[in-house]
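The values are calculated or read from the model by the stated rules, or taken from the named source; none is laboratory data. Since the structure is predicted, the reported quantities are computational estimates derived from the model, not experimental observations. Virtual Cβ from ideal backbone geometry, glycine too; neighbours counted across all protein chains shown. SASA here: full protein model, heavy atoms, side chains in, ligands and nucleic acids out. Shrake-Rupley method; radii C 1.70, N 1.55, O 1.52, S 1.80 Å.
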Amino acid sequence: MLYPIQVGGHRAIRSAPTPDRVLKPLSQKELAFYRRITAPDLHPHLHWLRKYTPAFYGTATLPQSPSAISDTPQPPEQFLELEDLNFPFRNPSVLDVKLGFRHYDDDATPEKRLRQIQSANSTTTAETGLVICGMRTFKSSVPETCSKHFGKTLKPHQLPDALYWFFHDGTSLQRTQMQQVLSSLRALRSHFASQTSFFFYSSSLLIVYDSNPPASDVRMIDFAHTVPSEGHPDTGYLKALDNLITVLETALQLPHAPNLPSNE
Ligand SMILES: Nc1ncnc2c1ncn2[C@@H]1O[C@H](COP(=O)(O)OP(=O)(O)OP(=O)(O)O)[C@@H](O)[C@H]1O
Ligand SMILES: O=P(O)(O)O[C@@H]1[C@H](O)[C@H](O)[C@@H](OP(=O)(O)O)[C@H](OP(=O)(O)O)[C@H]1O
């Protein structure tokens, strides 16, 4: 069954048989990353990563859905079984924001590199290292969503407006959850600043909150292009994280509801 609260991404997440888990289509680099950070011999300097990523429960296979265009039986599909980050919340509002200025790894073909560079140059990524890949938020108990296409139409100066919109539940700005998220981002930043093990290309933060009861969570997701950095810091991700903190601080100071481009 398709997972009902997917806000970003280009491949369908599935609901897992266990209710607090999701299934994400498997990619080898993402599997390698989760195996590395859950390995018993992970260096203690990297243990913080386990707190800021979904719990990993191994791999799972599902039979392929029958194809409309072929009678030939297809091999079963493989998935990563991950903690469902929305599970603890009653009405989760969810934001997927991609961090970093470079969204391809060294294995990308020249064509893919060019596509990703052009995409970065035409969005908020080029200036801020941030691009909104999707969100859903409740306005007076009614869910509203924004696609990645909406995120791509934003100009850098509109990012605080977009976060204000995300954290406004139709009645009031959820300042407590914004402050909680800011604290989590600052804590993540302090861990991240000393890591020299990975480049997190094309990785996102999933920010989740609820109005009632007030609660929030911030996790790193999407490691399909996370690669060993062999002693080098990921300065692009760190700069993007700094910018996200500034954007959220600015959103908290906005005097009134902002004007945003229409989500058509
Ligand atoms: N562990 C999780 N718990 C809950 N929701 C999740 C989880 N992982 C992913 N999602 C949902 O699925 C979406 C897509 O996830 P993800 O970014 O990992 O996919 P992707 O297809 O690799 O993305 P991209 O197109 O950027 O490469 C997220 O925006 C989020 O809504
Ligand atoms: O968000 P956008 O602008 O749509 O860009 C896509 C996004 O970067 C995906 O992560 C990437 O898939 P992979 O993670 O599988 O590389 C996809 O590559 P693709 O065009 O090769 O599918 C891009 O098109």
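For the chain, the solvent-accessible area of protein heavy atoms averages 51 Å² per residue (probe radius 1.4 Å; ligands and nucleic acids excluded).
Candidates Thr59, Gly170, Asn86 compared by Cα position along the dipole of the chain: farthest toward the positive end lies Gly170, with charges placed on Cβ. Label separation (His10 vs Arg189): 3.1 nm, computed from points 7 Å beyond Cα along the C-beta direction. In terms of its C-alpha gyration tensor, region 14-83 comes out prolate, because a/c is 1.5 or above and the ratio a/b outweighs b/c.
For the pair Arg90 and Thr176, what calculated FRET efficiency results from E = 1/(1 + (r/R0)^6), where r is the Cβ-Cβ distance and R0 = 22 Å, to the nearest 0.05?
On the way: r = 16 Å, r/R0 = 0.73.
It comes out at approximately 0.85.
Between Leu62 and Ala126, what is 0.36 nm times their sequence separation minus the Cα-Cα distance? Round to one decimal in nm.
Numbers: separation 64, 0.36 × 64 = 23.04 nm, distance 3.84 nm.
Gain in length upon complete extension: 19.2 nm.
Does the chain come out rounded, prolate or oblate by the C-alpha gyration tensor, with a ≥ b ≥ c the root eigenvalues, rounded set by a/c under 1.5 and, if not, prolate when a/b is larger than b/c and oblate if not? In terms of gyration-tensor shape, rounded.
Ranked highest first by the average count of other Cβ atoms within 10 Å around their residues, in what order do 244-256, 104-116, 163-175 fall?
In descending order of packing, they fall as 163-175, 244-256, 104-116.
For the chain, adding -39500 (n - 2.57) for each run of n ≥ 4 DSSP H residues and dividing by the number of residues yields -9000 deg cm²/dmol at 222 nm. Bridgeable aspartates and glutamates around Lys24 (alpha carbons under 15 Å apart, same-chain partners fewer than 8 residues away excluded): Glu77, Glu81, Glu83, Asp84, Asp222.
Taking all Cα pairs closer than 8 Å and separated by 6 or more residues, the relative contact order of the chain comes to 22 percent.
Using 0.36 nm times the number of residues separating Leu2 and His47, minus their current alpha carbon distance, what extension gain do you get?
Details: separation 45, 0.36 × 45 = 16.20 nm, distance 3.16 nm.
Residue separation times 0.36 nm, minus the Cα-Cα distance, leaves 13.0 nm.
Approximating the spin labels as points 7 Å out from Cα along Cα→Cβ, the His232-to-Glu144 distance works out to 4.2 nm.
Checking the a/c ratio against 1.5 first, then a/b against b/c, what shape does the Cα gyration tensor give for region 65-188?
Details: a/c = 1.97, a/b = 1.28, b/c = 1.53.
The shape class here is oblate.
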